[in-house]
Amino acid sequence: MNDTKTALVTGANKGIGFAIARGLGAIGFTVAVGARDDARREEAVERLRAAGTDAFGVALDVTSGHSVAAAAAAIERTAGRLDVLVNNAGISGPTEGGAQDPTTLDLDVVRTVLDTNVFGVVRVTNAVLPLLRRADAPRIVNVSSNMGSLTLRTGPVMAAYAPSKSMLNSLTAQYARRLADTNVIVNACCPGYVATDFTGFNAPRTPEQGAAIAIRLATLPDDGPRGGFFDDEGVVPW
Ligand SMILES: NC(=O)c1ccc[n+]([C@@H]2O[C@H](COP(=O)([O-])OP(=O)(O)OC[C@H]3O[C@@H](n4cnc5c(N)ncnc54)[C@H](OP(=O)(O)O)[C@@H]3O)[C@@H](O)[C@H]2O)c1
């Protein structure tokens, strides 16, 4: 088997996803840069290559089954298999006009947020799972949030975004159970509160700091934890 490992990072054109791509590239991964916008994707690929990473772009809108299927086919053509999948693409959804106040919740906003943060993860994971199964040590990392923790109940009240991450955590556990007898290790992570477009760059952590836990889970040893939820400090309560 070819020694060079390939990682697909969704939403890799900016923010935490870009930092995950750069971090995985720095430790020798070939990075498939999953991004929906052609110009933003190509610019990210160029920046990664300039930093010494072997990167290639993959057109990927996680809300489109066609796009996801084409992305999986492109990765198969280019790399033949996939070693790591980082499901990073995510949206907060609009909050104006009480759209995410549970008492005035806009269900279209809920649908939109779930389509990206939850259904998108299922689409991408299931499309590339056959490629992951060809790897020696496949790893799946779902980028979640401690806002999805039913124990912590942290951050602002956001009745579309927070439950989307609770459901992503639950899905992570379901995938881990289903794949328990295989070499595919699945975990979720929380990057912490990170300065990106997502937070209006109004947060204490850098994208590199936010990326670190995802990179750790992407490179777990074969006896590493399965079906867990982690941040830099360790286990995050569900
Ligand atoms: N920042 C934080 O403090 C924080 C905290 C906890 C969890 N997180 C999670 O971390 C992840 C990354 O967030 P971030 O802070 O880096 O946000 P960001 O800077 O807004 O980046 C989000 C990325 O997801 C992509 N994306 C959105 N919808 C997509 C779609 N339908 N198909 C493909 N890509 C799509 C965006 O692409 P475009 O450029 O095309 O929009 C962008 O590349 C998210 O899952 C978020 O929930 C962030």
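The values are calculated or read from the model by the stated rules, or taken from the named source; none is laboratory data. What you are looking at is a predicted structure, and each value in this text was computed from that prediction instead of being measured. Cβ: placed from backbone, ideal geometry, glycine included. Neighbour counts: every protein chain shown. Surface areas here come from the heavy atoms of the whole protein model, side chains and all, with no ligands, DNA or RNA. Shrake-Rupley method; radii C 1.70, N 1.55, O 1.52, S 1.80 Å.
So here's what we get for this one:
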read-out	value
Members of the range 12-69 that are near the ligand (Cβ under 10 Å from one of its atoms), open to solvent by 60 Å² or more (accessible area, probe 1.4 Å) and assigned to a loop (DSSP other than H, G, I, E, B)	K14, R36
Qualifying residues in the range 181-201 (those that are surrounded by fewer than 20 Cβ atoms within 10 Å (Cβ to Cβ) and in a loop (DSSP other than H, G, I, E, B)) - the one farthest from the ligand (Cβ to nearest atom)	D181
Candidates P207, P221 - the one that is open to solvent by 10 Å² or more (accessible area, probe 1.4 Å) and within 12 Å of the ligand (Cβ to nearest atom)	P207
Of the criteria (1) among the polar types (S, T, N, Q); (2) in contact with a strand residue (DSSP E or B) (Cβ under 6 Å, 6 or more places away or on another chain); (3) at pLDDT below 95, which one N13 fails	(3)
Checklist (1) outside any helix (DSSP H, G or I); (2) under 20 Å from G11 (Cα atoms) applied to R216, failing item	(1)
Filter pass, T95 being closer than 19 Å to G11 by Cα and hydroxyl-bearing (S, T, Y)	no
Filtered residue count, the range 146-179, keeping only those that are among the small types (G, A, S) and open to solvent by 10 Å² or more (accessible area, probe 1.4 Å)	7
V128 more than 22 Å from P191 (Cα to Cα), touching a Leu at 6+ places or on another chain (Cβ under 6 Å) and of a type outside the set (K, R)	yes
Positions within the range 106-144 being of a type in the set (S, T, Y), within 13 Å of the ligand (Cβ to nearest atom) and either open to solvent by 10 Å² or more (accessible area, probe 1.4 Å) or not in a loop (DSSP other than H, G, I, E, B) (or both), in sequence order	T112, T116
Filtered residues of the range 74-105 (kept if open to solvent by less than 60 Å² (accessible area, probe 1.4 Å) and in a helix (DSSP H, G or I))	A74, I75, A79, G98
